[in-house]
1. As a test of understanding, state the convex hull volume per residue of the range 61-168 from its alpha carbons, in Å³.
2. If amide hydrogens are placed 1.01 Å from N in the peptide plane, which non-local residues have theirs closer than 5 Å to the one on Gly605?
3. Along each of its three principal axes, how wide is the spread of alpha-carbon positions in the range 378-421, in whole angstrom units, largest first?
4. Work out how far the C-alpha atoms of the range 206-390 reach from end to end along every principal axis, then list the three figures in whole Å, largest first.
5. Have a look at Leu159, Ala143, Ala133 and report the one farthest towards the positive end of the charge dipole of the range 113-186, computed about the Cα centre with Cβ charges (Lys/Arg +1, Asp/Glu -1).
6. Amide H neighbours of Met381 under 5 Å, at least 5 residues apart or on other chains, H built in the peptide plane: list them.
7. So how strong a dipole does the range 5-106 carry about its Cα centre when Lys and Arg Cβ are +1 and Asp and Glu Cβ are -1, to the nearest 20 debye?
8. Arranged from highest to lowest average of other beta-carbon atoms within 10 Å per residue, in what order do the peptides 29-38, 564-573 appear?
Amino acid sequence: MPPVVAKIITDIALDREFDYLIPGELAGRVRIGSVVRVPFGRRWARGFVTGLLDRSDFPNLKAIESVTGDWPLFDPPMLRLARWIAEYYAAPFESAIAAILPAAVRRVGAKFKEQLVATRCEAALPSPVEEAALAKKSPKQAAAWAVLKERREMTAAALAEAAGVAPDGLRRLEQKGWITLGKGVIRRNPHAQMTVLPTSAPVLMDEQAAALAAIRAEMAAPKPGVVLLHGVTGSGKTEVYLAAIQTALDAGRGAIALVPEIALTPQTMERFRGRFGETVAVLHSHLSDGERHDEWQRIAAGQARVVVGARSALFAPVRPLGLLVVDEEHEPAYKQDESPRYNARDVAVMRGHLESCAVVLGSATPSLESYRHARAGKYRMVKMLKRVDRRVMPRVRVVDMRIETEKAGAAHLLSQDLVEAIRLRLAQAEQTMLFLNRRGYATAVMCPLCGHTETCPDCSVKMTYHKQSELMMCHVCGSIRKVPVLCSNPDCKAPNVKMTGVGTQRVEAAVRKIFPKARIARMDSDTTGAKDAHAKILGQFRRGDLDILIGTQMIAKGLDFPNVTLVGVIYADLSLMMPDFRAAERTFQLLTQVAGRAGRGDVPGEVLIQTYAPFHPAVQSSRNADFDTFYDQEIEMRREMRYPPFTRLTTVLFKGADEVAVEAGSKDFAARLKANLPAAARMTGPAPAPLAKAKGQHRAQLMLWAASAKEYVPALRALLKAFKAPKGVSISVNVDALSLM
Ligand SMILES: [Zn+2]
Ligand SMILES: [Zn+2]
């Protein structure tokens, strides 16, 4: 007998599924993952089918009205993954369904768009004289013609945008008989302009070949598991991924490779497309909805078998899935910052488990969580400790800025050692990267008389001074203010406020002063706001049009410039001072990544780390590229303090404009939660969050700790459903929180 009842989750946020009858005429069309229209109360709702049953325990069921689209949007394994996400991350089920389907696909009636397409008329190409006449009369129409002449066919919308011409401008071109406009389907290809030369697989080095063999063994296992690929920077991990993906393709399976958004550079895409060509789909946050929809459908239809993308590419409908790769698995960027707050690395491991697919986690600085699993034998550990082509690891020198300050009689941004090292690179026509993880010019505007610092009225953070605009900016909410003429402490009002603290702008100014002839660029979120600015700066640097690149962590990751022989870390202590138990781990990761940019070509690299804490374990271990020593020390501290990975940490954040309501709500919630927590779970707080106020919202936070999140998530989830928060107070839950701010 075919199922007669369907379980349905609607878009309406209720965290609950409802039963509906399947009318006879829809039998066979209602499947798991089908999108349906159902009566809901007095209105209509859209829903997804999450179960098929022979009968229901509920009386008087309403019937499904219609099925939207031709095929289901997810299959049973993906549904199981969504259920796991909702449960593990204490999130409403409908939000987990939303997470696995891109909005562009979920939307009613989303489909390959039939659009107005502009086509170049082949019959009657205009003469140069006619073209020149048009350029005089209407430069915009002429620009549109120039684009289409080159591209032959594109959507009218894209053409209009590219040439800055209004739609009726295109109509004029049509009237002239130069182009035709008609309905058609063009796949919205995000990389139409990119030409990629095909590449073939190189011969792997010994360590790479061994890593590949280990991954292949895992892929061939009856119950494939997880491989942790610990490879130093420059050891050629990507080449191993590509070879393993080829193995999956050869077996008739597809693969997904996740990379942090920031590493999704044209360089990365080129490597995948060069090897696998048109079968590569790319998913990242800069795609338009249309492009995302079309890439997703191309994957669902089996036309694209290899998916490269950021976090959410994890849910791409690759069937059957042969390999999941998570590169830079330690990256906090894999954590989603809205509900469900999942970690793509951990969900990848779960998807691999549910679909019997091997998972590769790769990093030069694995997370403590993953490394612990690998040491315990839960993951297969593979190491690549040599750089490819016998390149040596860069020589790392730690510069003690305390001694430097004493020598110079005052604090300087650049130590004498670093200045000399840069001078040497300039003389040898080699390139330098300078890293500081803080943008702006001065990171505090301070009164020298009373010590008052200018803070954002809406956020509990200091204002940062930006030199170009000569304004103060809040890096939390983005608000901008003029620098006050007088100290804004009403009891002081002294003149001459000072700019203190260092940001990338000030580093740039200092370097320009010392090396006025050097070609210098800065890369941080202030200079990469414009579309393609990021790629433009990197392109200049790659071509050798720049000598020195100064930047924030944007320049730390994944970049591979053979001519960079010097990396300078201006102030390594910055990330050590974060109020977070992961500060040392983050610092070690960052220093290792930054240092890894040096010496990737034929000339050995050098790294200078400037610091006021030269003997800190994070600094010392990154100097020696000694992951195990760092791990052993850090893991002992975590064990002693009962911090992750020995416990699962969840934060519950309360936010609202009214400080009293936030405090009352958080206390009420905490008291009711505590009453239902088992003894194995520990609760701390509620207390004001380290970032106590952001964007005008007060923030209070409580933390939950237990060996397994299962100890407290059921009680937490039940309370979230039942709890009535005070008006204007919102609650967000972050299971396995990575940030404590
Ligand atoms: Zn003052
Ligand atoms: Zn602010």
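1. Values: hull volume 20.9 nm³, N = 108.
Per-residue hull volume (Cα only) is 194 Å³.
2. When sequence neighbours closer than 5 places are left aside, the close amide H contacts are Arg395, Gly599.
3. So the extents along the principal axes, rounded to whole Å, are 52, 30, 13.
4. 43, 36, 35
5. The listed residue farthest towards the positive side: Ala133.
6. Those qualifying (amide H under 5 Å, at least 5 residues apart or on another chain) are Leu228.
7. The calculated dipole for the range 5-106 is roughly 180 debye.
8. Working: 29-38: 19.2, 564-573: 24.8.
Those peptides, ordered most packed to least, come out 564-573, 29-38.
The values are calculated or read from the model by the stated rules, or taken from the named source; none is laboratory data. Here the structure is a predicted model, which is why all the values come from computation and not from measurement. For neighbour counting, all protein chains shown are included, and Cβ atoms are generated from backbone atoms with ideal geometry for every residue, glycine included. Remember, those area values only see protein heavy atoms, side chains included, never the ligands or the DNA or RNA. Shrake-Rupley method; radii C 1.70, N 1.55, O 1.52, S 1.80 Å.
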